[in-house]
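Encoded as structure tokens, the structure appears first; notes follow it.
Only the coordinates and a few stated rules stand behind these numbers; no lab work does. Remember, it's a predicted structure, so these values are computed and weren't measured experimentally. Cβ placement follows ideal geometry from the backbone for every residue including glycine, while neighbour counts extend to all protein chains displayed.
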Amino acid sequence: MNTSRIIFVIDFDSTFIKSETFELLGKFSLAEQPEAENILKEIRQITDDAMEGKIDFSASLSRRIELIAAEKKHIEPLISEIRGYISSSFSMLV
């Protein structure tokens with residue numbers, strides 16, 4: 001039995017949806033954190049730094065995953081939220 005896993009990561013923010021996924025996920029995973037807004041600001045800055053080539057994608061992704069502290073229970077609300085952000089160019093395919 002093959003127990004290896006393949007992880008597929010795609011950047012669909014601002015292409016398939018009109019938002020940043022980590023920010024939407026933070027809405028749920030950080031909801032009870034008193035520092036939620038500061039954490040989201042840091043996530044936005046890391047995203048911007050990666051997009052500007054100041055830090056590499058792997059470092060950016062790892063750091064944002066660590067900050068967001070998401071759990072499995074946050075996925076369903078995220079999916080529902082993302083549906084409201086699907087870009088018009090992609091929505092005809094969904």
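What the table shows:
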| quantity | calculated |
| --- | --- |
| Under-5 Å amide H pairs with residue 17, H placed in peptide plane, nonlocal only | 87 |
| Using θ = phi - 60° and Karplus 6.51 cos²θ - 1.76 cosθ + 1.60, couplings along the range 20-33 (whole Hz; Gly, Pro as x) | 9, 4, 4, 5, 5, 4, x, 4, 9, 6, 9, 3, 9, 8 |
| Using θ = phi - 60° and Karplus 6.51 cos²θ - 1.76 cosθ + 1.60, couplings along the range 34-48 (whole Hz; Gly, Pro as x) | x, 9, 3, 5, 5, 5, 5, 4, 5, 4, 4, 5, 4, 4, 4 |
| 3J(HN,Hα) from dihedral phi, the range 56-71, Karplus parametrisation 6.51/-1.76/1.60, rounded to Hz, x for glycine, proline | 7, 4, 4, 5, 4, 4, 4, 5, 5, 4, 4, 5, 6, 6, 6, 10 |
| Neighbour-limited loop hits for GluC sites (Glu not before Pro), the range 53-94 (at most 13 other Cβ within 10 Å; DSSP other than H, G, I, E, B) | 71 |
| (i) 8.7; (ii) 7.9; (iii) 9.1, with the label sought being that of the calculated mean projected area of the Cα convex hull in nm² | (ii) |
